[in-house]
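Let me begin by presenting the structure, written as structure tokens, before commenting on it.
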Amino acid sequence: MGSGNDFARALGLKKDLTHLIESTKQALKEITVYTYQKGLVLNSLDLGFASWVINHVEQSQLKTKLNKYHLGKLTYILTAIQCLIKKPAFASLCLETEAGEVLELRNQFFFSLANNTYFGGGVMIWPHATAYLEQLDCVYAKGETLWKRVLV
């Protein structure tokens, strides 16, 4: 889950209501939406670190307080540091390509599929990703040690 701000940012949508209304008058553009067993993927599907951080930020009272001062993004940084040091989150999964090849990924610290350039409050991680193409970018890393997790 999330607020959708990263998705809107990647599509070039502005927060200004007048600009949003004007953009609806322009020609429609088709975007790619992915589905999986539990729902839709509009922006990214994250496991491990990214998922842990986003989940904790969305439940954070600190974010609500910092948002009052337009510092909500700081919550992502503080929560990420907490995850790196205290509670590393790992995930294991299997990916199947359209050709039927199966890739098994065990104990991944970071895993993300995305069709958008941003995640986690505006952090650009996939500069060429776009919802306008039928393509998902995949980023994953093990991060076995604290230093390797920091590098991820």
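Quick notes
- Candidates in the range 1-43 are the residues that are in contact with a strand residue (DSSP E or B) (Cβ under 9 Å, 6 or more places away or on another chain) and of a type in the set (G, A, S); of these, the one that is surrounded by the most Cβ atoms within 10 Å (Cβ to Cβ) is A10.
- Residue list for the range 13-38, filter: within 15 Å of N115 (Cβ to Cβ) and not hydroxyl-bearing (S, T, Y): K29, E30, I31, V33
- Residues in the range 89-104 include at least one that is assigned to a loop (DSSP other than H, G, I, E, B) and within 20 Å of the chain's Cα centre (by Cα).
- Top-ranked residue in the range 57-112 [being β-branched (V, I, T) and touching a strand residue (DSSP E or B) at 6+ places or on another chain (Cβ under 9 Å); ranked as modelled with the lowest pLDDT]: T97
- When the test is whether a residue is under 16 Å from the mean Cα position of the chain (by Cα), among the basic types (K, R) and at negative phi, K65 does not pass it.
- Residues being among the hydroxyl-bearing types (S, T, Y), surrounded by fewer than 20 Cβ atoms within 10 Å (Cβ to Cβ) and under 26 Å from Y34 (Cβ atoms) - total across the range 44-91: 1
- Condition met for W126 (under 21 Å from A8 (Cα atoms) and either modelled with pLDDT of 85 or more or touching a strand residue (DSSP E or B) at 6+ places or on another chain (Cβ under 6 Å) (or both)): yes
- In the range 129-150, the residue that is modelled with the highest pLDDT out of those that are of a type in the set (A, V, I, L, M) and farther than 20 Å from I54 by Cβ is L133.
- Residue within the range 36-58 that is under 19 Å from the mean Cα position of the chain (by Cα), assigned to a helix (DSSP H, G or I) and among the basic types (K, R) present: no
- Summed over the range 92-119, residues that are surrounded by 13 or more Cβ atoms within 10 Å (Cβ to Cβ) and either small (G, A, S) or under 11 Å from G48 (Cα atoms) (or both) total 7.
The values are calculated or read from the model by the stated rules, or taken from the named source; none is laboratory data. Everything numeric here is computed off the predicted structure, so don't read it as measured data. Cβ sites come from the backbone with ideal geometry, for glycine too, and all protein chains shown count toward neighbours.
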